[in-house]
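Novice: The following block contains the structure, expressed as structure tokens.
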Amino acid sequence: MALGKLKILVETRPGTFGDEIEAQFNPDQITLTKGAHWNEEPLAEKDAPEPQFSHGRGAGFSIDLIFDTHVSGADVRTEYTDRVMSLATIVGHGNLHRPPICQLVWGDFGEIFKGYLESVIQKFTLFLEDGTPVRARLSCRFKEWQSAEEQARDLVLESVDVAKTRVVRRGDTLSGIAGEEYHDPARWRPIARANAIDDPRSLVPGSVLIIPALTGDAEGDEA
């Protein structure tokens, strides 16, 4: 089986990824970071403030890419690295009026990250006698990007007031499912009612349950 190479698919126009940069060597490690911003509200006569969620921070994706042209003697910049460096500029992307969004894909795994190149450090580690750089390490940091439509879709999928379906896993219980879907294990009855389940202890792994929307008050949903 052919070795799958990591590729950077580059946005050529909004929503279309028509350019491709292939890693010469696959990375040996990837670093993912994620954060959230919380405001601390002071409370009278309390030792610790009460944190209030403000907003999420986009995930970060850090990776080192190595390029080498020692055998051919070509300048590693013109052969490889200039294309990666340009992802942090509008050079060659004037129709977008901004640096492009990138999809990072790897073999059969497919997309492993989507975002923009937030920063890149280029370090040259080998030169010809005339000073031509022939080996470079690029330390790249990508920042997560999602369209407004994608963010809205993700919020809807996690909302308790939108109906959805769920495949029963081994060991699932109605109260456990209610805890995951409604954030309240006690609200299992709407699920039982929607699926005509008489015995909440006899769930069949692999079956599909309807998870109804919670649109009424707690008493109405429990009725």
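Novice: Would you mind checking the pairs Lys46/Lys164; Lys46/Lys143; Lys5/Lys34; Lys5/Lys164 and listing those with alpha carbons more than 30 angstrom apart? Numbers along the way, then the final one.
Specialist: Values: Lys46/Lys164 41 Å; Lys46/Lys143 37 Å; Lys5/Lys34 25 Å; Lys5/Lys164 37 Å.
Table pairs above 30 Å Cα-Cα are Lys46/Lys164; Lys46/Lys143; Lys5/Lys164.
Novice: Give the range of the longest stretch in the chain that excludes all trypsin sites (Lys or Arg not before Pro) found in loop regions by DSSP and having at most 15 other beta-carbon atoms within 10 Å. Could the numbers behind the result be given before it?
Specialist: Details: sites that count: Lys5, Lys46, Arg169, Arg170, Arg201.
Longest run free of exposed loop sites: 47-168.
Novice: Mark the label point 7 Å from the Cα of Ser207 along Cα→Cβ and return the residues of region 180-197 whose backbone N is within less than 14 Å of it.
Specialist: 191-197
Novice: Show me the GluC sites (Glu not before Pro) within region 64-130 that DSSP assigns to loop and that have at most 10 other Cβ atoms within 10 Å of their Cβ. Don't skip to the answer; put the middle values down first.
Specialist: Values: sites: Glu79, Glu111, Glu118, Glu129; in loops: Glu129.
Those that pass, being in a loop and sparsely packed, are Glu129.
Novice: Under a 5 Å amide H to amide H cut-off, with H placed in plane at 1.01 Å, what residues pair with Trp38 once short-range neighbours are removed?
Specialist: Residues meeting the amide H criterion: Ser54.
Novice: Can you put Ile8, Ile210 in order of Cβ neighbours within 10 angstrom, beginning with the fewest?
Specialist: Values: Ile8 24, Ile210 14.
If I rank by nearby Cβ atoms, fewest first, I get Ile210, Ile8.
Novice: Helix-derived [θ] at 222 nm for the chain: sum -39500 (n - 2.57) over DSSP H runs of at least 4, divide by residue count, nearest 500? Don't jump to the answer; show the numbers that get you there.
Specialist: Values: 5 runs with 34 residues, N = 223.
One gets -3500 deg cm²/dmol as the mean residue ellipticity at 222 nm.
Novice: Can you list which of the chymotrypsin sites (Phe, Trp or Tyr not before Pro) found in region 1-58 are DSSP loop residues with at most 14 other C-beta atoms within 10 Å? If you can, show how the numbers build up before the last one.
Specialist: Numbers: sites: Phe17, Phe25, Trp38, Phe53; in loops: Phe25.
Answer by residue number: Phe25.
Novice: A further question on this structure: Which aspartates and glutamates, if any, have their Cα less than 14 Å from the Cα of Lys7, not counting same-chain residues under 8 positions apart?
Specialist: Output for Lys7: Asp19, Glu20, Glu22, Asp64, Asp108, Glu111.
Novice: If contacts are Cα pairs under 8 angstrom and at least 6 residues apart, what is the relative contact order of the chain in percent? Before the final figure, lay out each step's value.
Specialist: Values: 410 pairs, mean separation 35.3, N = 223.
For the chain, the relative contact order is 16 percent.
Novice: At R0 = 30 Å, how high is the FRET efficiency between Glu45 and His183 if r is their beta carbon distance? Nearest 0.05 is fine. Write out the running numbers ahead of the final one.
Specialist: Details: r = 29 Å, r/R0 = 0.98.
Once the sixth-power term is evaluated, E becomes 0.55.
Novice: Shifting gears a bit: Quick check: the angle from helix 148-157's long axis to the longest principal axis of the chain, C-alpha only, nearest 10 degrees?
Specialist: 30 degrees
We did not get these values from a lab; they are worked out from the coordinates using the rules stated. Please read these numbers as outputs of a predicted model, since none were measured by experiment. A quick note on method: Cβ atoms are made from the backbone with ideal geometry, for glycine too, and the neighbour counts reach across all protein chains shown.
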